[in-house]
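Engineer: Before I ask anything, here is the structure I am working with.
The values are calculated or read from the model by the stated rules, or taken from the named source; none is laboratory data. From a predicted model like this one, the values you see are computed outputs, not experimental measurements. Neighbour counts are summed over all protein chains in view; Cβ atoms, including those assigned to glycine, are modelled from backbone coordinates with ideal geometry.
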Amino acid sequence: MDESELFAKRASSFGANAAAYAQHRPGYPAEAIEWVIGDRMRVLDLAAGTGRLTEGLLAFGLEVTAVEPDEAMRAELTRRIPDVPALDGSAEDIPLPDASVEAVLVGHAFHWFNTDKALTEITRVLRPGGVFGALWNHDDLTVDWVAGLAELTATSLGEVQRVKVDVPSHDLLEPHELKTFPHRQRRTVESLLATLGTHSQISVADATERAQVFDRVRTYLWSRPETSAGEFDRPLITSVVRAIRR
Ligand SMILES: C[S@@+](CC[C@H](N)C(=O)[O-])C[C@H]1O[C@@H](n2cnc3c(N)ncnc32)[C@H](O)[C@@H]1O
């Protein structure tokens, strides 16, 4: 399999684990959402998956439309949040009219897009003065046990959580601003393993490699005082890029 085939396989891998994804992936800090949205109301959650970011947007009383290409992810979103319209579409082909939303948010997915095509579409559906925001959740590698964990979760397909926080500039967007927010997820050894299993570096790896990762991570987590005594907080950092539509 060449690199572009593997990329496509990973980008479309999430639906096979849709229920686990919805249950085990972290949401996003309210402060991060507020920083992007301001007082805007009509929001597109692009690459909405099972709705982890959608839930955070609804907590602000926003009017949300979800767009997601994977049928199983979309079905899980609709099962969990039936009132939100979940449309079949991609970042490169957004099924919404021109200038129809005040904000486009992308949760942990911009790195899967063809960024040129996606920004053309995002700026098309955004009204002037609207906002584009891309959010990513990362492990907080300044915490010793988390840095140790990160070394153990790498597979032949790459390192979990090492996605690039990068949004290219675009003529129709003001210069980007970047801000980070502390975040956390309540976990146990087994539920953290379930979270890691939803990352494409692990879920797309072959079964033997996946079992090896889980064995070494489980042994590590049971050996650490921070994680071996029941529930614990997994320290995360949410990175957010925000840019205003000219
Ligand atoms: C890591 S999940 C993030 C889901 C959700 N936003 C969240 O925060 O939990 C990445 C999502 O991006 C979707 N995706 C992959 N390529 C895409 C594309 N080109 N356009 C739109 N969505 C895409 C996947 O189907 C998957 O649901």
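Engineer: Between Asp45, Asp83, which is within 24 Å of Leu178 (Cβ to Cβ) and not in a helix (DSSP H, G or I)?
Structural biologist: Working: Asp83 fails: within 24 Å of Leu178 (Cβ to Cβ).
The unique qualifying residue is Asp45.
Engineer: To continue, here is another question. If we scan region 2-20, do we find a residue that is more than 18 Å from the chain's Cα centre (by Cα), assigned to a loop (DSSP other than H, G, I, E, B), modelled with pLDDT under 95 and loosely packed, with under 14 Cβ neighbours inside 10 Å?
Structural biologist: Let us first name the residues in region 2-20 that are more than 18 Å from the chain's Cα centre (by Cα), namely 2-6.
Then drop every residue that is not assigned to a loop (DSSP other than H, G, I, E, B), which leaves 2.
Checking which are modelled with pLDDT under 95 leaves us with 2.
Among the residues that remain, those that are also loosely packed, with under 14 Cβ neighbours inside 10 Å are: 2.
Yes, region 2-20 contains a residue that is more than 18 Å from the chain's Cα centre (by Cα), assigned to a loop (DSSP other than H, G, I, E, B), modelled with pLDDT under 95 and loosely packed, with under 14 Cβ neighbours inside 10 Å.
Engineer: Going through region 28-54 one residue at a time, which ones are within 11 Å of the ligand (Cβ to nearest atom) and either surrounded by fewer than 19 Cβ atoms within 10 Å (Cβ to Cβ) or small (Gly, Ala, Ser) (or both)?
Structural biologist: Ala47, Ala48, Gly49, Gly51
Engineer: Right, something else. Of all residues being assigned to a strand (DSSP E or B) and buried (at least 24 other Cβ atoms within 10 Å of the Cβ) in region 96-111, which is nearest to the ligand (Cβ to nearest atom)? Just the residue, please.
Structural biologist: Of all residues in region 96-111, those assigned to a strand (DSSP E or B) come to 101-107.
Still in the list and also buried (at least 24 other Cβ atoms within 10 Å of the Cβ): 101, 103-107.
On the way: Val101: 15, Ala103: 14, Val104: 11, Leu105: 8, Val106: 7, Gly107: 3 Å.
My answer is Gly107.
Engineer: Among the residues of region 63-80, how many are more than 20 Å from Phe110 (Cβ to Cβ) and either in contact (Cβ under 8 Å) with a residue 12 or more places away in the chain or part of a strand (DSSP E or B) (or both)?
Structural biologist: Looking only at that region, the number is 6.
Engineer: Continuing with this model, one more query. Could you tell me how many of the residues in region 130-161 are over 27 Å from Leu44 (Cβ atoms) and within 16 Å of the chain's Cα centre (by Cα)?
Structural biologist: Looking only at region 130-161, we keep the residues that are over 27 Å from Leu44 (Cβ atoms), and these are 139-160.
Cutting the leftovers down to within 16 Å of the chain's Cα centre (by Cα) gives us 139-140, 159-160.
Result for region 130-161: 4.
Engineer: If Ile122 satisfies all but one of (1) in a helix (DSSP H, G or I); (2) over 15 Å from Arg42 (Cα atoms), what's the number of the condition it fails?
Structural biologist: Just one mismatch for Ile122, condition (2).
Engineer: Okay, moving on. Being farther than 28 Å from Ala30 by Cβ, among the hydrophobic types (A, V, I, L, M, F, W, C), touching a strand residue (DSSP E or B) at 6+ places or on another chain (Cβ under 9 Å) and not in a helix (DSSP H, G or I), is that true of even one residue in region 197-213?
Structural biologist: Going residue by residue through region 197-213, those that are farther than 28 Å from Ala30 by Cβ are 201-213.
With the extra rule that they be among the hydrophobic types (A, V, I, L, M, F, W, C), the set shrinks to 202, 204-205, 207, 211, 213.
Next cut, touching a strand residue (DSSP E or B) at 6+ places or on another chain (Cβ under 9 Å) only: 202, 204-205, 213.
Now narrow it down to the ones that are not in a helix (DSSP H, G or I): 204-205.
Looking through region 197-213, at least one residue is farther than 28 Å from Ala30 by Cβ, among the hydrophobic types (A, V, I, L, M, F, W, C), touching a strand residue (DSSP E or B) at 6+ places or on another chain (Cβ under 9 Å) and not in a helix (DSSP H, G or I).
Engineer: Here's a follow-up. Going by what's in this entry, would Leu126 be described as aliphatic (A, V, I, L, M), farther than 30 Å from Ser228 by Cα and in contact with a helix residue (DSSP H, G or I) (Cβ under 7 Å, 6 or more places away or on another chain)? Spell out how you get there, then give the answer.
Structural biologist: Working: aliphatic (A, V, I, L, M): yes; farther than 30 Å from Ser228 by Cα: yes; in contact with a helix residue (DSSP H, G or I) (Cβ under 7 Å, 6 or more places away or on another chain): no.
It is false that Leu126 is aliphatic (A, V, I, L, M), farther than 30 Å from Ser228 by Cα and in contact with a helix residue (DSSP H, G or I) (Cβ under 7 Å, 6 or more places away or on another chain).
Engineer: Could you grab the pairs with beta carbons closer than 7 Å, sequence gap of 6+ or different chains, first residue in region 37-48 and farther than 21 Å from Leu87 by Cα and without any contact (Cβ under 8 Å) to a residue 40 or more places away in the chain, second one within 15 Å of the ligand (Cβ to nearest atom) and in a strand (DSSP E or B)?
Structural biologist: Within 7 Å, no pair qualifies.
Engineer: Considering only residues of region 117-129 that are among the basic types (Lys, Arg) and surrounded by 15 or more Cβ atoms within 10 Å (Cβ to Cβ), which is farthest from the chain's Cα centre (by Cα)? Outline the logic, then answer.
Structural biologist: Within region 117-129, the first condition is being among the basic types (Lys, Arg), and the residues that meet it are 117, 124, 127.
With the extra rule that they be surrounded by 15 or more Cβ atoms within 10 Å (Cβ to Cβ), the set shrinks to 124, 127.
Numbers: Arg124: 22, Arg127: 24 Å.
So, considering only residues that are among the basic types (Lys, Arg) and surrounded by 15 or more Cβ atoms within 10 Å (Cβ to Cβ), the one farthest from the chain's Cα centre (by Cα) is Arg127.
Every residue, every condition in (1) part of a strand (DSSP E or B); (2) surrounded by 15 or more Cβ atoms within 10 Å (Cβ to Cβ), yes or no:
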| position | (1), (2) |
| --- | --- |
| Trp136 | yes, yes |
| Trp145 | no, yes |
| Glu151 | no, no |
| Pro168 | no, no |
| Asp171 | no, no |
| Lys179 | yes, no |
| His183 | yes, yes |
| Glu190 | no, no |
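Engineer: Check off (1) part of a helix (DSSP H, G or I); (2) away from the ligand (no atom under 13 Å from the Cβ) for Leu57 and give me the number that stays unchecked.
Structural biologist: So the condition that Leu57 fails would be (2).
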